[in-house]
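Enquirer: Quick one: the structure is below, questions incoming.
The values are calculated or read from the model by the stated rules, or taken from the named source; none is laboratory data. Note that the structure is a prediction, hence the values are computed from the model and not measured. Cβ atoms come from the backbone with ideal geometry, glycine included; neighbour counts cover every protein chain shown.
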Amino acid sequence: MDANKKWGAAQDAHLIKLRGEGKKPREIAAIMNFSIKTIYYKDELLARQKIKSGQRKKRVCLGGCKKQFLSDGPGNRICPACSKRDRTGVISPASLPDYRSM
């Protein structure tokens, strides 16, 4: 880790991208060449910013399990467990909740 390395908007975007790919903080620290402590700190700051902007909230998973999870925004409607299960990006209609019966 380079002690003189600065954190900026580009690093925020890279951290968000890596977290979206499901990378763990330790992996991200190695990839970005920052301490794991810095990664945890910046990740928490970014999460708080999302909560303040109203994007991050509990939503029901539309990937099949129908469990509530902490979503990053309106476009994130499939929980991490279901998104790992279906890496093709295709969701079968049978896995979606039947809203007619609700």
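Enquirer: Can you name the residue in the range 55-66 that is loosely packed, with under 15 Cβ neighbours inside 10 Å and within 21 Å of LEU15 (Cβ to Cβ) and is also modelled with the lowest pLDDT among such residues? Please lay out each step first, then the result.
Expert: Of all residues in the range 55-66, those loosely packed, with under 15 Cβ neighbours inside 10 Å come to 55, 57-58, 60, 66.
So of that shortlist, the ones also within 21 Å of LEU15 (Cβ to Cβ) come out as 55, 57.
Values: GLN55: 70, LYS57: 81.
Ranking the qualifying residues of the range 55-66, first place goes to GLN55.
Enquirer: Within the range 67-78, does at least one residue satisfy the condition of being of a type in the set (Ser, Thr, Tyr), outside any helix (DSSP H, G or I) and modelled with pLDDT of 80 or more?
Expert: yes
Enquirer: Of the residues that make up the range 37-50, is at least one assigned to a helix (DSSP H, G or I), of a type in the set (Gly, Ala, Ser) and surrounded by 14 or more Cβ atoms within 10 Å (Cβ to Cβ)?
Expert: Residues of the range 37-50 assigned to a helix (DSSP H, G or I): 37-50.
Filter once more, keeping what is of a type in the set (Gly, Ala, Ser): 47.
From the residues that got through so far, the ones that are surrounded by 14 or more Cβ atoms within 10 Å (Cβ to Cβ) too are 47.
Yes - at least one qualifying residue is present in the range 37-50.
Enquirer: Next question, about the same structure. Taking LYS6 and the conditions (1) part of a helix (DSSP H, G or I); (2) without any contact (Cβ under 8 Å) to a residue 12 or more places away in the chain, which numbered condition does it fall short on, given that it satisfies the others?
Expert: Single failed check for LYS6: (1).
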